[in-house]
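Let me begin by presenting the structure, written as structure tokens, before commenting on it.
Throughout, read-outs are computed from the coordinates displayed, never taken from laboratory work. Remember, it's a predicted structure, so these values are computed and weren't measured experimentally. Every residue, glycine among them, receives a Cβ derived from its backbone with ideal geometry; neighbour counts consider all protein chains shown.
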Amino acid sequence: MHQQIFVNLPIENMARSQAFFRALGYSFNPDFTNDQGACLVTGDNLFVMLLVKDFYQTFTAKAIADARATSEVLVCFSCDSRDAVDTLVDKAVAAGATEPRPAQDLGFMYSRSFDDLDGHTWEYVHMVDASKALG
């Protein structure tokens, strides 16, 4: 049905946000990146548009949520392994993110999350193949 997804997030500081996500190993599409918005490439056809708050405000008449005080969205990505989850969250914390809760291991799913420099929550999960989990 849909071919791509673009999640739009308001940010305070473009240079700081780009440096943070580059420290995690992500890249940006230069064709859709400038001083007002940056197209963070998170996977095949998966993008997060980091938009400076003044520019973000041009897309909505609603107030912009303070992600440090309220939850406006939870961005969740699947990973190939528990190690990949741990690596990404550890890199984020080393780059200045905070970890809002301990890792969760539910047997069939392992997850960790971080709050980025603007307070947005990013969650990473590894799901065990259901056929293997049932044994």
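When MET1, MET49 are ordered from fewest to most other Cβ atoms inside 10 Å of their Cβ, what list results?
Result, fewest neighbours first: MET1, MET49.
Helix-only estimate, please: 222 nm mean residue ellipticity of the chain, summing -39500 (n - 2.57) across DSSP H runs of length 4 or more and dividing by its residues, to the nearest 500.
It comes out at -6000 deg cm²/dmol, rounded to the nearest 500.
Let me know the longest stretch in the chain that avoids all trypsin sites (Lys or Arg not before Pro) found in a DSSP loop with at most 14 other C-beta atoms within 10 Å.
69-135
Can you sort TYR124, TYR26, TYR56 so the residue with the fewest Cβ neighbours within 10 Å comes first?
Ordered by Cβ neighbours within 10 Å, fewest first: TYR26, TYR56, TYR124.
Quick one: 3J(HN,Hα) in Hz for region 94-107, Karplus 6.51/-1.76/1.60 with θ = phi - 60°, rounded, Gly and Pro as x.
Using θ = phi - 60°, the values come out as 5, 8, x, 6, 10, 9, x, 7, x, 4, 10, 10, 9, x Hz.
Shape call for region 1-61 from the C-alpha gyration tensor, a ≥ b ≥ c root eigenvalues: rounded (a/c under 1.5), prolate (a/b greater than b/c) or oblate?
oblate
Report the chymotrypsin sites (Phe, Trp or Tyr not before Pro) located in region 68-115 that are in a DSSP loop and have at most 15 other Cβ atoms inside 10 Å of their Cβ, or state none.
In loop regions of region 68-115 (DSSP not H, G, I, E or B), the sparsely surrounded chymotrypsin sites (Phe, Trp or Tyr not before Pro) are PHE108.
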